[in-house]
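Have a look at the structure below, then the notes.
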Amino acid sequence: MTGAIFPKLEIPDTLAAGPGPGSTDARVLQSFAQAGMADHMQDDVLRGMIECKHMLRQIWGTKNTYTFAVAGTGWSALDMMFSAVMPGDTVVAFTNGTFSGIDGLTLRMRAATREELKANTLDPRPASVTIIEIPHGQSVTGDIVDAALAEHKPKWAFMAHWETGSGRINDLDGFSKACERHGAMGLVDAVSSLGVADFSIDDYPGVVGWASCPQKGILCLPLTYAPVSFTDRYIDVLKENGAYTYCHHPIFEARHWGIVDGKDVEKGAYHRTHSAYAVAAFHEALRIVLHDTIANRAEAYAFHESVLREAVEAMGCRVTSNMTSLLVLNLPEALAGREMELVRLCRAKNFCLWPTLSEPVQIRIGILNLLNPAAITDIANRFADAIRELGGEVDQARVDQVLGLHYPSVIAAE
Ligand SMILES: *Cc1c(COP(=O)(O)O)cnc(C)c1O
């Protein structure tokens, strides 16, 4: 293939019904494509970033000055959040699926001493880090957190708010209270809950660092910004101990968003080259979320998830998740073990569901930004078709009955 020039890359428009990315709003794509070419220190680009910062404080529900966003994806924000964790620091991390599992790995890499890292560079096991593994399909409870923090009294505690691998909601209030009770600084992966759940981070004072992503609840895939927020306590600890990064250093990165020495300033200062296209797209996405309101979006997610859940249960599936943007499920008894086969079949038709990424294999169906009766009906019907294609039976009348009950107008229009 050396020297080959390939044909222009064409990517189809699929039904993105997985855990993420969600369907980006057309207005966001338009903002991305229509922004002018302007450098990262041009006045409107800098003003846009400062407006994003103010909108992010509303979306997170916080007065934290150090609230801004990191260029990249969820892992970029998480990498920044974990930057204050230093070799030898004591950490207790609660994991209950793929993503919190990777967060746990990041923490083990961060907290490992030079010798501990060298002993197992890709999977270090530092003595100062305790990983509490909660089985797939179960949530992290306040009691579990409280018991572990009481025993280990760590400097840092970590939990994912919503574990997207298994579709489970973890007890944020219990986590925050246990952190306060035992003097731990809480760090939370809020990648899949921000913009989907209705919560304000200032209600959880045990948590000092938060990280999210652009492509799930915020609807802004065109590689943009991953929201973060840090309390003054986190920033004080960071200032005292330092971090082994320039790029993902919260204090340095915040300067471009107009935050210097703990205060808002009128204009950002150079940290890295930001894209005017990305700033415009992200700005529009935040405007959409705030215009809809988090409360309304949270309610819509809960409603449509409950309808889709009822529809797949009417097909004989067993749902084990409790997130409102995602169903994690097993096929009916007669098709047990064929979950991956069904996912492949659907994906081949641009109906893009997902399997779980760690054992056991289950199917994940997401509804990010698909909050309308037509979209949910389409997902339910395509899923029923796939079950039939695999040789399974679906009582379509029962499925229609569920959809008709909750979405009377759609059925009537057919
Ligand atoms: C999606 C996800 C991530 C990773 O986000 P990227 O945008 O893929 O970097 C991390 N944690 C959780 C809980 C997630 O759902």
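The dipole here belongs to the range 294-413: it is taken about the Cα centre, uses +1 on the Cβ of Lys and Arg and -1 on the Cβ of Asp and Glu, and is about 300 debye. Among Ser192, Ser212, Ser358, the largest mean-square fluctuation in a Gaussian network model of the chain (Cα springs under 10 Å) belongs to Ser358. Here the Karplus relation 6.51 cos²θ - 1.76 cosθ + 1.60, evaluated at θ = phi - 60°, turns the backbone of the range 244-255 into coupling constants of 8, 7, 9, 4, 9, 7, x, 5, 5, 4, 4, 4 Hz, with x for every Gly and Pro. Rounded to the nearest 0.05, the FRET efficiency derived from the C-beta distance between Lys153 and Val260 at R0 = 51 Å is 0.90. Around the Cα centre of the chain, unit charges on the Cβ atoms of Lys, Arg, Asp and Glu (plus for the first two, minus for the last two) sum to a dipole of about 780 debye.
Could you point to the residue in Thr231, Gly174, Ser83 farthest towards the positive end of the range 26-290's charge dipole, with +1 and -1 charges on the Cβ of Lys/Arg and Asp/Glu respectively? Result: Ser83.
Between rounded, prolate and oblate, where does the range 294-413 land on the alpha carbon gyration tensor, with a ≥ b ≥ c its root eigenvalues, rounded for a/c under 1.5, else prolate if a/b exceeds b/c? Working shown, then result.
Values: a/c = 1.77, a/b = 1.26, b/c = 1.40.
Judged from the Cα gyration tensor, the range 294-413 comes out oblate (a/c at least 1.5, b/c at or above a/b).
Classify the range 147-276: rounded, prolate or oblate, from the alpha-carbon gyration tensor (a ≥ b ≥ c, eigenvalue square roots; a/c under 1.5 rounded; otherwise prolate if a/b is larger than b/c)? Oblate, because a/c is 1.5 or more while a/b does not exceed b/c.
Could you tell me the calculated FRET efficiency between Asp13 and Arg47, based on Cβ-Cβ distance and R0 = 35 angstrom, to the nearest 0.05? Don't skip to the end; give the middle numbers.
Numbers: r = 33 Å, r/R0 = 0.94.
It comes to 0.60.
To the nearest ten degrees, helix 43-60 and the longest principal axis of the Cα atoms of the chain are 70 degrees apart.
With runs of 4+ DSSP H residues as the only contributors, calculate the mean residue ellipticity of the chain at 222 nm using -39,500 (n - 2.57) per run, divided by the residue total and rounded to the nearest 500.
My calculation for the chain gives -13000 deg cm²/dmol from helical runs alone.
For the range 26-290, the alpha-carbon radius of gyration amounts to 0.98 times the rule-of-thumb value 2.2 N^0.38 Å expected for a compact globular protein. When the Cα atoms of the range 1-135 are aligned to their principal axes, the ranges along those axes come out at 52, 51, 33 Å in descending order. Fewest-first ordering of Met55, Met80, Met340, Met86 by other beta carbons within 10 Å of each residue's beta carbon gives Met340, Met86, Met55, Met80. For the chain, the relative contact order is 23 percent, taking Cα pairs closer than 8 Å that sit 6 or more residues apart in sequence and dividing their mean separation by the residue count. Cross-link partners of Lys118 among lysines, defined as those whose alpha carbon lies under 24 angstrom from its own and excluding same-chain residues fewer than eight positions apart: Lys155.
Projecting the Cα atoms of Ala190, Asn96, His40 onto the charge dipole of the range 26-290, computed from C-beta unit charges around the Cα centre, puts His40 farthest toward the positive end.
The amide H of Ile132, built 1.01 Å from its N in the peptide plane, has Ala93, Phe94, Thr95 as neighbours under 5 Å, considering only residues 5 or more places off or on other chains. Name the long-range amide H neighbours of Gly72: under 5 Å, sequence gap of 5 or more, or other chain; modelled H, no Pro or chain starts. Under 5 Å from the amide H of Gly72: Thr224, Tyr225, Ala226.
Would you kindly state how much longer the chain becomes between Ala336 and Ser358 on full extension, computed as 0.36 nm times their sequence separation minus their alpha carbon distance, in nm to one decimal? Please report the intermediate quantities before stating the final value.
Numbers: separation 22, 0.36 × 22 = 7.92 nm, distance 1.72 nm.
Working it through step by step, the gained length comes to 6.2 nm.
The dipole here belongs to the range 123-175: it is taken about the Cα centre, uses +1 on the Cβ of Lys and Arg and -1 on the Cβ of Asp and Glu, and is about 200 debye. Of the residues Gly36, Gly61, Gly174, the one that moves most in a GNM of the chain with alpha-carbon contacts below 10 Å is Gly36. When each of the peptides 387-400, 309-322, 229-242 is scored by the mean number of other C-beta atoms lying within 10 Å of its residues, the order from highest to lowest reads 309-322, 229-242, 387-400. Computed from phi, the 3J(HN,Hα) profile of the range 160-175 under the Karplus parametrisation 6.51, -1.76, 1.60 (θ = phi - 60°) reads 7, 5, 10, 8, 6, x, 10, x, 9, 8, 9, 7, 5, 5, x, 5 Hz, with x in place of Gly and Pro.
Remark: the range 70-81, residue by residue, has Karplus-estimated 3J(HN,Hα) of 10, 4, x, 10, x, 5, 5, 5, 5, 4, 5, 4 Hz, where x stands for each Gly or Pro and the curve is 6.51 cos²θ - 1.76 cosθ + 1.60 at θ = phi - 60°.
Taken as Cα centroids, the range 142-220 and the range 29-65 sit 26 Å apart, rounded to the nearest whole angstrom. Build a GNM of the chain with springs between Cα atoms under 10 Å apart, and of Gly217, Gly337, Gly167 the one that fluctuates most is Gly337. Counting only lysines at least 8 places from Lys263 when in the same chain, those with an alpha carbon closer than 17 Å to its own are Lys53, Lys63, Lys239.
We did not get these values from a lab; they are worked out from the coordinates using the rules stated. Given the structure is predicted, the values throughout are model-derived calculations rather than measurements. All Cβ positions, glycine included, derive from the backbone under ideal geometry; neighbour counts span all protein chains shown.
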